[in-house]
């Protein structure tokens, strides 16, 4: 990318208000978690979503192995979970913060009190630049919490008013 274009694009993207999602996956019984804002719906027929994962992220080994994904849409009460999974805490210690349900078979760990938990089965992947775009078919959706979502805007967490 042009040296002048990258910082300008980053500044422009700070104007997007995004839900904060923690993506979880597992490989060989080892769980991984990563905070993400590059998450979006793809289609309702079939129900599918996409998430962008940096290939240098620890979770990438589980992604590369074809792990199912859990998209945990964080509530306003989950800022500490987001900070931990955004790099503040490493490895399995990320699961010490928040109310996690442990992984079972192909189902990665998930937050019991998230606004929404969306279980994806990898359907397609595209490597582009530093990231892998994972398109996943939705296997299930649960809505455990009615709390407002945690959002990220201009480099900081914000709460969304109902």
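Of note:
- Inside segment 88-102, residues that are on the phi > 0 side of the Ramachandran plot and surrounded by 14 or more Cβ atoms within 10 Å (Cβ to Cβ) make up a count of 1.
- Scanning segment 141-152 for residues that are out of contact with any helix residue (DSSP H, G or I) (no Cβ under 6 Å at 6 or more places or on another chain), within 18 Å of residue 39 (Cα to Cα) and surrounded by 14 or more Cβ atoms within 10 Å (Cβ to Cβ) returns 149, 151, 152.
- The selection criterion, being within 12 Å of residue 20 (Cβ to Cβ) and either out of contact with any strand residue (DSSP E or B) (no Cβ under 7 Å at 6 or more places or on another chain) or modelled with pLDDT under 90 (or both), holds for residue 160.
- Of all residues assigned to segment 57-65, at least one qualifies as being out of contact with any strand residue (DSSP E or B) (no Cβ under 7 Å at 6 or more places or on another chain), over 19 Å from residue 155 (Cα atoms) and modelled with pLDDT of 95 or more.
- Scanning segment 10-28 for residues that are buried (at least 21 other Cβ atoms within 10 Å of the Cβ) and outside any strand (DSSP E or B) turns up just one, 20.
- The sole residue among 85, 52 that is in contact with a helix residue (DSSP H, G or I) (Cβ under 8 Å, 6 or more places away or on another chain) and surrounded by 15 or more Cβ atoms within 10 Å (Cβ to Cβ) is 85.
- Restricting attention to segment 106-124 and to residues that are assigned to a strand (DSSP E or B) and in contact (Cβ under 8 Å) with a residue 60 or more places away in the chain, the residue that is surrounded by the fewest Cβ atoms within 10 Å (Cβ to Cβ) turns out to be 123.
- Segment 147-159 - residue that is part of a loop (DSSP other than H, G, I, E, B) and within 15 Å of residue 15 (Cα to Cα) and, of those, nearest to the chain's Cα centre (by Cα): 155
- Residues satisfying the stated conditions in segment 91-130, i.e. touching a helix residue (DSSP H, G or I) at 6+ places or on another chain (Cβ under 9 Å) and farther than 20 Å from residue 150 by Cα: 93, 102, 108, 122, 125
- Looking only at residues in segment 29-49 that are under 11 Å from residue 136 (Cβ atoms) and in contact (Cβ under 8 Å) with a residue 60 or more places away in the chain, the one that is surrounded by the fewest Cβ atoms within 10 Å (Cβ to Cβ) is 46.
The values are calculated or read from the model by the stated rules, or taken from the named source; none is laboratory data. Everything numeric here is computed off the predicted structure, so don't read it as measured data. Positions of Cβ are generated from backbone atoms using ideal geometry, with glycine treated the same way; all protein chains shown enter the neighbour counts.
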